[in-house]
Each structure stands twice: as structure tokens, then as C-alpha cells.
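This report refers to the structure that appears directly beneath it.
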Amino acid sequence: MDQSLNDIIQQLQDIRTQFEKEIEACSGAEVLEALRIKYLSKKGIISGYLALLGKVAPEERPLLGQQLNELKSLAQNLIAERVEGLQLSHRTHTFFDTSLPGIKPLYGRKHPLRVVQDEIKSIFTSMGFRIEMGPELESDYYNFEALNIPVNHPARDSHDTFYITDNLLLRTHTSPVQVRTMEKFKPPIRIIAPGRCFRKDAIDATHYPTFHQVEGLVVDEGINFADLKGIILAFAKKLLGEDIKIRFRPSYFPFTEPSAEYDFSCFKCGGTGCRICKGTGWIEISGAGMVHPAVFKYVDYDSEKYTGYAFGMGIERIAMLRYQIDDIRVFYENDLRFLQQF
Ligand code: DAH
């Protein structure tokens, strides 16, 4: 051994001073990496001294080992600190760099079905209607029985129902809210009830197992079919413009008598016939009619004193016509390219 322990320790001291000077001056990631290689890599300065350990006298080894380890950890720690510092300052930099273009936040927006539903609601509330809501999980009684559709009634066939239990189901229409409202309040009644419905329909361009309806109900003394036509016409004009025409066709619903289906003149072609109205000039909207006395009986209304009308409408249907959408599935696929158009 041609160097004394003291010499070596002095050299380590110098190396430490030199390293500290270099790292102090170090300004970037590349220089830092070069520094790491110079001091800490396998062939680096500190490793070179580690090789000396085997050559010094056994009693000198602990002290030299300790000195070397200290130097090594110091170098490692200082380099790690600087690396972290560089990353941090890089981050702070980006954050405060006012010359960078801004990042446009992604806005949420109303779903087209919600847009249409809100518009329908505001038209009817402007005509004195209140909003009522009913549950989506409904009992057989409200969905069918109290609407004059007893068990085994053929009208149940057209409602492909999701049954939860024998008695509980996902409502197939918003008409049960008629019954719930009449149970709660005495006439006069003037409400609409928007909401979600469910039917076990196979999915295609015009059917989906869930969809939305708005129910309307007006009950008072002296209400007649002309009132129903008047309100539907006023609504259609507010929604689609003064030129719109309506028509009623005889139909059948167990909870209304007489019953009708009503159409709007095609708002694409104005009634001359086009692809949207399949050449007829008319677009079918939904059903309506005068509340059946049997329904009044369920809610304990005197049908000698009161009469009323009810109507339904499909929100998807109106949204599809309004925006010329030819496939109902797009409402439920949550494709941003579709949703961002509204
Ligand atoms: N609930 C019916 C359906 O879903 C639509 C309907 C028809 C509602 C006549 C009414 C009505 O209020 O009077 O097919």
C-alpha cells in the first residue's frame, strides 16, 4: 500500500469539494447525467476508490469504508435532489407559461331528449299546466288496472312489460301518473307528467327498450273534446310554428272514451308529402281522448260532475322529427360526436 489512509481520506475530501462545486454549477438534465456517470458509474471516481478497500490494512478498512459510503450517499442524494428539482421547475414552468395557448375545457351540455322535454314543459307550463312526476318502478294497479286494463285485457299485449315481481313492473307509459295525480288532488286538474318508460321491445331504428313520454291530463266541470283539440293545436303551434295543422283519427285506448290518435302536418314538407312523412303529409304523434268514467271510478271522482281529457306524446319521436334523426339508438349510445351537435 503506497498511500497512507490519511492521504486517501484527504483525497476523498477533495473529491467531495469538487463534486459539490460541479453539481452547484450544473444546469440541466444532461450535465447532471454526465456528473452521475463521472462519479457514480461502475468506472466512476468513487467506484475506483471502493476497489482500494481490499488493499488497505484490515484495521483501516472500517474507517475508509465509512468515508466512502458517506461520499457515495452524499453524491447519490444530491443528484436525486437535483433531478427532482429539475422536474419540478419544469412543471412549474409549463403551468405559468402564459405564452402557451389555452386548453379549452370540455363543456357538458343538455342531451337532445332533455332539450325537447324542457321545451315541451315550458310550453305547457306557459298554458297553466303543472308538472307531476311518478315512479318508474310502478305497480300493476297504476300501470294497468286503474287505467281500465284488467288482467287478461288484450291491451296488455301491446305493452311488452318488464315485470319485476307479479305486482311490480317498469312502467310501460306515463299514463299511471294520471291516476296518482287524481288520487292526490281534487279537480280542477291541469298537469303534464314527463318521464321515462320501458318496454321489452327488440331494438331497431324506431324501438328501444327505454324511451320517454309526456302525459297530459285536464279534469274539470264542462271539459270537452274541443278543449283537447284546442290545447294540442296551441301546443303544436308553439313547438313547430303557426303553419302547423293537426288532425285526430278515431282509435281505441281502454282509459279514454272516445279515443283518438293525433297527427301533426309534416313539418318537413308542410303536408305535400316527403320521405319523413312517407308521402302522407302527416306525422303520427300519439294517443288522446276523454277520460273514461271507469278511471274516474277508481279515483273516486264523480263522472256526472266532472269530465276530462288526456293525451300522450313520445319525446324521442318529436326529437327525431325536429332534428331529422332517423335512428332512435343514437339517443342512447352516448357518442360525443352526436351529443356535441346540440
Ligand atoms: N299511454 C298510451 C301509450 O303509451 C298513450 C296515450 C293514449 C296516452 C291515450 C293518453 C291517452 O293519455 O289518452 O300508448
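Quick note: the coordinates plus some simple rules give every number you see, no bench work behind them. Quick caveat: nothing in here was measured; it's all calculated off a predicted structure. Counting neighbours? That spans all protein chains shown, and the Cβs are built from the backbone with ideal geometry, glycine included.
Summary table below
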{"read-out": "Euclidean distance of C-alpha centroids, region 178-211 and region 45-90, integer Å", "value": "77 Å"}
{"read-out": "Unit charges at the beta carbon, dipole of the chain: most positive-side option, GLN76, PHE248, LEU52", "value": "PHE248"}
{"read-out": "Separation between Cα centres of region 239-277 and region 293-342, rounded to whole Å", "value": "14 Å"}
{"read-out": "Charge dipole magnitude, Cβ of K and R +1, D and E -1 - the chain, Cα centre, debye nearest 20", "value": "780 debye"}
{"read-out": "Given charges at beta-carbon only (K, R positive; D, E negative), |dipole| of region 208-280 in Debye", "value": "560 debye"}
{"read-out": "Region 5-92: relative contact order as a whole-number percent, Cα under 8 Å and 6+ apart", "value": "35 percent"}
{"read-out": "Over 23 Å (Cα to Cα) - which of LYS43/LYS72; LYS110/LYS229; LYS186/LYS297; LYS186/LYS245; LYS121/LYS238 fall in this group", "value": "LYS110/LYS229; LYS186/LYS245"}
{"read-out": "Likely footprinting exposure, HIS292, HIS207, fewest C-beta neighbours within 10 Å first", "value": "HIS207, HIS292"}
{"read-out": "Debye, to nearest 20: dipole size of region 287-342, +1 on Lys, Arg Cβ, -1 on Asp, Glu Cβ", "value": "100 debye"}
{"read-out": "Ellipticity estimate at 222 nm from DSSP helix runs (n ≥ 4, -39,500 (n - 2.57)) divided over the chain, nearest 500", "value": "-13000 deg cm²/dmol"}
{"read-out": "For region 5-92: Kirkwood Rh in Å [reciprocal of mean 1/r, alpha carbons]", "value": "13.9 Å"}
{"read-out": "Relative contact order [Cα under 8 Å, 6+ residues apart], the chain, whole percent", "value": "14 percent"}
{"read-out": "Estimated distance in nm for a label pair at ASP118 and GLU136, the labels positioned 7 Å out from Cα along Cα-to-Cβ", "value": "2.0 nm"}
{"read-out": "Calculated SAXS-style log₁₀ I(q)/I(0) at q = 0.06 Å⁻¹ - the chain, Debye, Cα scatterers", "value": "-0.46"}
{"read-out": "GNM result for the chain, Cα springs below 10 Å: residue of LYS110, LYS229, LYS42 fluctuating most strongly", "value": "LYS42"}
{"read-out": "Dipole axis of region 112-339 (+1 Lys, Arg; -1 Asp, Glu on Cβ), positive-most option in PHE331, ASN143, VAL219", "value": "PHE331"}
{"read-out": "Efficiency of FRET between GLU333 and PHE162 - r from beta-carbon atoms, R0 22 angstrom, step 0.05", "value": "0.60"}
{"read-out": "Selection from VAL115, PHE267, ILE232, by position along the positive dipole direction of region 112-339 (Cβ)", "value": "PHE267"}
{"read-out": "Distant-in-sequence amide H partners of SER286 (H built 1.01 Å from N, under 5 Å)", "value": "TYR262"}
{"read-out": "Difference of contour (0.36 nm per residue) and Cα-Cα distance, MET127 to ILE103", "value": "4.2 nm"}
{"read-out": "Dimensions in Å of region 188-342 - Rg and Dmax from alpha carbons", "value": "17.1, 55"}
{"read-out": "Helical segments meeting 20 Å axial Cα length and Kyte-Doolittle -0.5 threshold in the chain (DSSP H)", "value": "61-96, 112-126, 225-240"}
{"read-out": "Net charge, MET313 excluded, C-beta distance under 13 Å - Lys, Arg +1, Asp, Glu -1", "value": "-3"}
{"read-out": "From phi via Karplus (6.51, -1.76, 1.60), per-residue ³J(HN,Hα) for region 192-207 in Hz, x at Gly/Pro", "value": "10, 9, x, x, 8, 10, 9, 9, 7, 7, 5, 6, 8, 5, 10, 10"}
